[in-house]
Amino acid sequence: MTRALGRLRSVRGMNGASVETNDLAEPYLLGWLASVGLDVEYVRGEGNTLYYRDSEGREIPVVDYAGGYGSLMLGHNHPEINAHAKSLLDGGIPVHAQFSRHPYANEVAQALNAILRRELGDDAEEYSAIFANTGAEAVEAAVKHAELDRRMRMDEAYAAASAQVSAAQAAGAGVGAAVVEALGLPAGAGIEVVADEITRRNDAVRQRTPLFLSLEGGFHGKLVGSVQLTHNEGYRAPFAALAAQARFVPRDRPEVLKEVVEAERAELLGLAVEDGTAVLVRHAAPVFCAFVLEPIQGEGGIRVIGREFAEEIQRVCAAVDCPVIVDEVQSGMGRSGSFFASSRVGLRGDYYALAKSLGGGIAKASVMLVRRSRYRREFELVHSSTFAKDAFSCHIALKVLELMEADGGRVYRLAAERGQALKDVFETLRTDFPDVVEDVRGEGLMLGLEFRDQTQSASQALRENAGTFGYLVAGYLLREHRVRTFPTASAVHTLRFEPSVYLTDEEIAQLETGLRDVCAILRAQDGERLLLPA
């Protein structure tokens, strides 16, 4: 049933004539979408609704629960955001004015800092901002900055240790047996031999590649650096040789974090002179670049990090001076019921990555925030992005933040209330279909509904499509119930639901009808009904 790649189709040419053309834009993906009935061309979007045209040209409405993978907190084509965008464009606002003053970017940074102080407490440190275009870029910017900071701290520690060794040499210090034994040198080794061995060891530590920590199930993008922090091996393994590797910590075993840290610790050696004799001095070496995590995992199955684990991460990372990068690309911007989902569990990041809904559904905008006490001004000279920090996207971001903060944060209250209404429906489904629904997870309007594994189903159709089960269900919901959703990328039995805060009771009822239909099909093991009709 898969559409042939490069299939010829008729389109209207620039002169109005009908011409034949091949599908060249990601043709394999298009063919695969066609095989499950998801190759729909949407022609209009409004609120929670997308529209496509049927064979007779009529607009068909679809309730959009995918929500741009979390990018549409305020819905499709929000009227105030669109009006603001039009006024900016009509006014000739410059997009390309790089290497000049950008006061509007500073306003975005100030607004985000005010929100951070409100959610973390008035004692929250200020955060500097680096702008980008996408979530993956914001994560990469955080990782690059963290590595620059680590490298500079490593160089500082190395220089301090080297200075100690040189001072001991210059003093002509003797060497005690304990030092010789600790370094594994022959008995009677003198200060020059000891200094050479310490330098060799320190050089090896200094040249170690940075170590990243991340969570199993995490997703942080598919760029060269961010993909190595993404747990799904299918995305990561083909590019493993291109970037530093990560150690992945299980979500349900916080004690493993301590084990990983202890196993990977390193030290730089120096010498102190006491009564004319050199003794070893051990300096902790900054080998950990960062711990990167999502407070609510999106592609990993909508899994929420608990307060206890968040506290453990904070403690362990502080002990080894490993910065925490909080990826709020999908969970942030109010989706959880708070602007920062991490604030709900008391997690304070050294870095934050924000994107998606920051652009109001029309601008490509993201930002990386870094704690001022960690900020390296040198980063501004070695990192840049052509479209980052432009006036258009920054002004759109300011309008988005204005709308979210209006009426005492009404958007956040709506996210919590509408999310709970949706979650109640899912919990009822789990009660009514315990043999079909495995779990309900999430916060606010970032929810996941997990179905039971179908790899051992009595239905051949379900068994054969178990690896793409969620997409099979998504195609059926779109076709039969005009509901649009998708599974999470690394947990295909979990459907994601990330609509806007303007979700109505009628739209929730439409989804419930569709999900009850799916649950009945799965209970009956009638997998053929989910397949696209021949």
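Here, each number is a calculation from the coordinates, and none is a lab measurement. None of these values were measured; they are calculated from a predicted model. A quick note on method: Cβ atoms are made from the backbone with ideal geometry, for glycine too, and the neighbour counts reach across all protein chains shown.
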Helix 79-90 versus the longest principal axis of the chain: what is the Cα-based angle in degrees, 0 to 90, to the nearest 10?
70 degrees
Extension gain Glu126-Ala83, at 0.36 nm per residue separation less the Cα-Cα distance, in nm?
12.3 nm
Percent of Cα pairs exceeding the 36 Å cut-off, where the set is the chain
43 percent
Whole Å is fine, so just give me how far the alpha carbon centre of the range 374-449 lies from that of the range 480-523.
18 Å
Say R0 is 22 Å: what FRET efficiency, to the nearest 0.05, do Glu417 and Asp439 get from their beta-carbon distance?
0.50
Charge tally in the Cβ shell below 15 Å around Cys394, where Lys, Arg are +1 and Asp, Glu are -1, Cys394 excluded
+1
Set Lys and Arg Cβ to +1 and Asp and Glu Cβ to -1, take the dipole of the chain about its Cα centre, and tell me which of Ala263, Ala171, Ala290 lies farthest positive.
Ala290
From phi via Karplus (6.51, -1.76, 1.60), per-residue ³J(HN,Hα) for the range 119-135 in Hz, x at Gly/Pro:
8, 9, x, 5, 7, 4, 5, 6, 10, 7, 10, 10, 9, 8, 10, 10, x
For Glu46 and Arg200, compute 0.36 nm times the residue count separating them, minus their Cα-Cα distance, and round to one decimal in nm.
49.0 nm
How large is ³J(HN,Hα) for each residue in the range 254-268, as worked out from phi by the Karplus curve 6.51 cos²θ - 1.76 cosθ + 1.60 (θ = phi - 60°), to whole Hz, x for Gly and Pro?
x, 5, 5, 4, 4, 4, 5, 5, 5, 5, 9, 4, 9, 9, 9
Working out 0.36 nm times the residue gap between Ala182 and Ser384, then minus their Cα-Cα distance, what length gain in nm do you get to one decimal?
68.1 nm
Return the long-range amide H neighbours of Phe486 (sequence gap of 5 or more, or a different chain), with a cut-off of under 5 Å between placed amide H atoms.
Arg496
On average over all directions, what projected area in square nanometres does the range 103-389 have, based on the convex hull of its Cα atoms?
17.6 nm²
Taking Asp390, Asp327 and counting other C-beta atoms within 10 Å, the order from fewest to most
Asp390, Asp327
Sum -39500 (n - 2.57) across every DSSP H segment of at least 4 residues in the chain, then divide by the residue count to get the 222 nm mean residue ellipticity, nearest 500.
-13000 deg cm²/dmol
Along each of the three principal axes of the Cα atoms of the range 411-504, give the extent in whole Å, ordering the values from largest to smallest.
45, 25, 25
Once phi is turned into ³J(HN,Hα) by the Karplus curve 6.51 cos²θ - 1.76 cosθ + 1.60 with θ = phi - 60°, what whole-Hz value does each residue of the range 112-117 show in order, with x for glycine and proline?
5, 5, 5, 5, 4, 5
Under a Cβ-Cβ cut-off of 13 Å, what is the net charge of the residues other than Phe433 that fall near it, where Lys and Arg count +1 and Asp and Glu count -1?
-4
Using Cα centres only, tell me the gap between the range 295-355 and the range 110-179 in whole Å.
20 Å
Based on Cβ point charges of +1 for Lys and Arg and -1 for Asp and Glu, what charge dipole magnitude is obtained for the range 46-182 about its Cα centre, in debye rounded to the nearest 20?
320 debye
If Ser457, Ser55, Ser331 are placed from fewest to most neighbouring beta carbons inside 10 Å, the sequence is Ser55, Ser457, Ser331
With a 4.7 Å Cβ cut-off, tell me which Cys residues in the chain come up empty for a partner.
Cys289, Cys394, Cys519
Round to the nearest 10 and give me the degree value, 0 to 90, for the angle of helix 505-523's Cα axis relative to the longest principal axis of the chain.
90 degrees
How compact and how long is the range 207-275, expressed as Rg and Dmax of its alpha-carbon atoms in Å?
16.1, 59
What does the charge dipole of the chain about its Cα centre add up to, to the nearest 20 debye, if the Cβ of each Lys and Arg holds +1 and the Cβ of each Asp and Glu holds -1?
820 debye
For the range 245-266 and the range 180-221, what is the separation of their Cα centres, given in Å?
19 Å
Given Cβ point charges of +1 (Lys, Arg) and -1 (Asp, Glu) and nothing else, what value in debye, to the nearest 20, does the dipole of the range 14-92 about its Cα centre take?
200 debye
Set of lysines near Lys399 by C-alpha distance (under 25 Å), chain-local residues within fewer than 8 positions excluded
Lys86, Lys356, Lys364, Lys389
Relative contact order for the chain using alpha-carbon pairs under 8 Å, separation at least 6, rounded to a whole percent?
20 percent
